[in-house]
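Read the structure below first, then the notes.
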Amino acid sequence: MKVLVVGKGGREHALCWKLKQSPRVSAVFCAPGNAGTALDVQNIAIEPGDTRGLVQFARKEGIGLTVIGPEEPLNRGIVDLFQREGLKVFGPRKEAAELEGSKVFAKDLMRQAGIPTADYRVFRSAPDAEHYALSREVALTIRSRGRSTIRHTLHCRTASEAIEAIDRIMDPREMLSPGVQVEIEERGQRRVFSSTAEARDFVLGRPVSLVLKADGLAAGKGVFVCDNLRQALEAIDQIMVRRIFGQAGDRLLIEERLDGRETSVLAITDGRTIIPLESSQDYKRAFDHDEGPNTGGMGAFSPTPMMTPDLMEQVEREVLVPAIHALKRARRPFRGVLYAGLMLTNQGPKVLEFNVRFGDPETQVLMMRLKSDLVDLLEATADEQLDRVAIEWDPRPSVTVVIAAEGYPGHYERERPIQNLEAVEKLPDTKVFHAGTMLRAEAGPGRDARIVTDGGRVLNVTAIGDTIEQAQARAYEAARMIRFPGAWYRRDIAGRSSRSEGG
């Protein structure tokens, strides 16, 4: 069999690497791939968005199975097109892929199916979203200081009431003499402000627990976890006014922030049979101790001790099965990978998000541990015969550390030369999966191409070991050996505190 993998990231490199190990596979192609896939399999210069070009290549080359990696082509209907052409493909159809393509659709489906998740509201305009954010309870008492027509005490229940009170007191028309100030009392503590801006800023600094999400696809960056009202208003501005995510920000979802430990469960399903994969835990925040902005993922490890057999059974019963059945009832049958991002709360597991493809960088640690033939699993899913396949795992744990480019997840430079990859490949039980790399031809005849950076998340340094500590040590040993200008990575992936409290 010839296999085609669509995509160019670390997830796709890991899939290619594992598929190539199958005795049933004669060739693996990656479209468009990266420098790492070029070393392990054969790259094809076709972008994931060029669905017609991919179909033509699959027909011409006699591809027996196509595996779709990223979410965007899935949401554009690439699986539908392949199936109409009679080509075998792994992944959900367009209507089922909306489970990731629209957070509003996913939340509505969860509500209808009784799947535990956070309360939420949906907004189509920035003013409505701002009004809702400012309606949060703050419990402030506001008074005027100095000669003003407003002499009574204003008890403000919400942030909007507090800001309105400040604006009234500081209105020049209300001042009987210069020097009027605002006194704000909170829990018995009083502060005095001489300007409207300072007083308003204090109100907007009040703590809230909100999560704001752009409705559509935003490359894993459309989620803002807000600790105060100022952050919430800034998120609304970025998503719905400045439109940094484009059409993904047509609708905004605001939900209550869940407290607990975060983990994820991936399952392969053909719409009838569900096979949960081994547990894993990823790290979304950019910096150590889960600080900084959200990213596409800075590392992962598997398995996670949080996901006990009893908890896995509960997730399957309360999350995975209801989701698959709800999609089936909606005439959106799901075949592929269902990814449930979970928060383990005191009330039990609740769903943060659904994805409809292999997670990244969870795939990297899972492929290191998978002992079964990946082709058998994916083909059985496409053929709706998953009940005939068993899955076997290496019991040893695995860790992956993402090496990122300077500036990520913001602006970053490309084409930085990467050094020492060949030495790392010689380390035991270690594999470097390329995410944002490319081959750049050296000048001059007879000179080989060199590997340079071509993305924000550049490399996924992955290792397996007899213990989680050994796997972690191997991954970091390899990461320290790799060099390129501006390279950086989190230094707490699979750390002891994160393994017990959540990453």
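Do we have VAL67 as at pLDDT 95 or above, crowded, with 22+ Cβ neighbours inside 10 Å and at negative phi here? Spelling it out, VAL67 is indeed at pLDDT 95 or above, crowded, with 22+ Cβ neighbours inside 10 Å and at negative phi. Selection of helices (runs of 4 or more DSSP H) fully inside the stretch 411-503 by the criterion of at least 2 residues being modelled with pLDDT under 95 and among the basic types (Lys, Arg) returns 496-501. Yes or no: the stretch 257-270 includes at least one residue that is surrounded by fewer than 17 Cβ atoms within 10 Å (Cβ to Cβ), modelled with pLDDT of 95 or more and either of a type in the set (Val, Ile, Thr) or out of contact with any Pro (no Cβ under 7 Å at 6 or more places or on another chain) (or both). Scanning the stretch 257-270, I find no residue that is surrounded by fewer than 17 Cβ atoms within 10 Å (Cβ to Cβ), modelled with pLDDT of 95 or more and either of a type in the set (Val, Ile, Thr) or out of contact with any Pro (no Cβ under 7 Å at 6 or more places or on another chain) (or both), so the answer is no. Residues of the stretch 230-260 that are farther than 19 Å from VAL104 by Cα, free of Cβ contacts under 8 Å to residues at least 24 places away in the same chain and not charged (D, E, K, R): GLN231 alone.
Are any residues in the stretch 239-252 surrounded by fewer than 17 Cβ atoms within 10 Å (Cβ to Cβ) and either in contact with a helix residue (DSSP H, G or I) (Cβ under 7 Å, 6 or more places away or on another chain) or in a helix (DSSP H, G or I) (or both), and if so, which ones? Of everything in the stretch 239-252, those that are surrounded by fewer than 17 Cβ atoms within 10 Å (Cβ to Cβ) and either in contact with a helix residue (DSSP H, G or I) (Cβ under 7 Å, 6 or more places away or on another chain) or in a helix (DSSP H, G or I) (or both) turn out to be VAL241, ARG243, ILE244, GLY246, GLN247.
Tell me whether the stretch 51-59 contains one or more residues that are modelled with pLDDT of 95 or more and under 23 Å from the mean Cα position of the chain (by Cα). For the stretch 51-59, residues modelled with pLDDT of 95 or more and under 23 Å from the mean Cα position of the chain (by Cα): absent. Kindly provide the set of residues from the stretch 160-207 that are touching a residue at least 40 places away in the same chain (Cβ under 8 Å), part of a strand (DSSP E or B) and surrounded by 14 or more Cβ atoms within 10 Å (Cβ to Cβ), ordered by number. VAL182, GLU183, ILE184, GLU185, GLU186 - these are the residues of the stretch 160-207 that are touching a residue at least 40 places away in the same chain (Cβ under 8 Å), part of a strand (DSSP E or B) and surrounded by 14 or more Cβ atoms within 10 Å (Cβ to Cβ). Does ALA286 meet the test of being within 30 Å of ALA404 (Cβ to Cβ), crowded, with 17+ Cβ neighbours inside 10 Å and touching a strand residue (DSSP E or B) at 6+ places or on another chain (Cβ under 8 Å)? In short, yes.
Looking at VAL351, VAL365, VAL375, just one residue is in contact (Cβ under 8 Å) with a residue 12 or more places away in the chain and assigned to a strand (DSSP E or B), and that residue is VAL351.
Note on the stretch 387-410: residues that are closer than 21 Å to ALA478 by Cβ and assigned to a strand (DSSP E or B) amount to 7.
Yes/no per residue for (1) buried (at least 19 other Cβ atoms within 10 Å of the Cβ); (2) out of contact with any Gly (no Cβ under 8 Å at 6 or more places or on another chain); (3) at positive phi; (4) of a type in the set (A, V, I, L, M, F, W, C):
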{"site": "PRO349", "(1), (2), (3), (4)": "yes, yes, no, no"}
{"site": "PHE354", "(1), (2), (3), (4)": "yes, no, no, yes"}
{"site": "ARG357", "(1), (2), (3), (4)": "yes, no, no, no"}
{"site": "ASP373", "(1), (2), (3), (4)": "yes, yes, no, no"}
{"site": "THR381", "(1), (2), (3), (4)": "yes, no, no, no"}
{"site": "LEU386", "(1), (2), (3), (4)": "yes, yes, no, yes"}
{"site": "ILE391", "(1), (2), (3), (4)": "no, yes, no, yes"}
{"site": "ASP394", "(1), (2), (3), (4)": "no, yes, no, no"}
{"site": "PRO397", "(1), (2), (3), (4)": "yes, no, no, no"}
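Kindly indicate whether any position in the stretch 200-211 is at pLDDT below 95, of a type in the set (Gly, Ala, Ser) and either touching a Gly at 6+ places or on another chain (Cβ under 9 Å) or more than 29 Å from GLU353 (Cβ to Cβ) (or both). No, that holds for no residue.
Give the stretch 167-196 a look and list any residue that's among the hydroxyl-bearing types (Ser, Thr, Tyr) and more than 40 Å from the chain's Cα centre (by Cα), or say none. Of everything in the stretch 167-196, those that are among the hydroxyl-bearing types (Ser, Thr, Tyr) and more than 40 Å from the chain's Cα centre (by Cα) turn out to be SER177, SER194, SER195. In this entry, ALA323 passes the filter for residues that are in a helix (DSSP H, G or I) and within 20 Å of the chain's Cα centre (by Cα).
The values are calculated or read from the model by the stated rules, or taken from the named source; none is laboratory data. All values reported here derive from a predicted model rather than from experimental measurement. Note: ideal-geometry Cβ built from the backbone for every residue, glycine included; neighbour counts use all protein chains shown.
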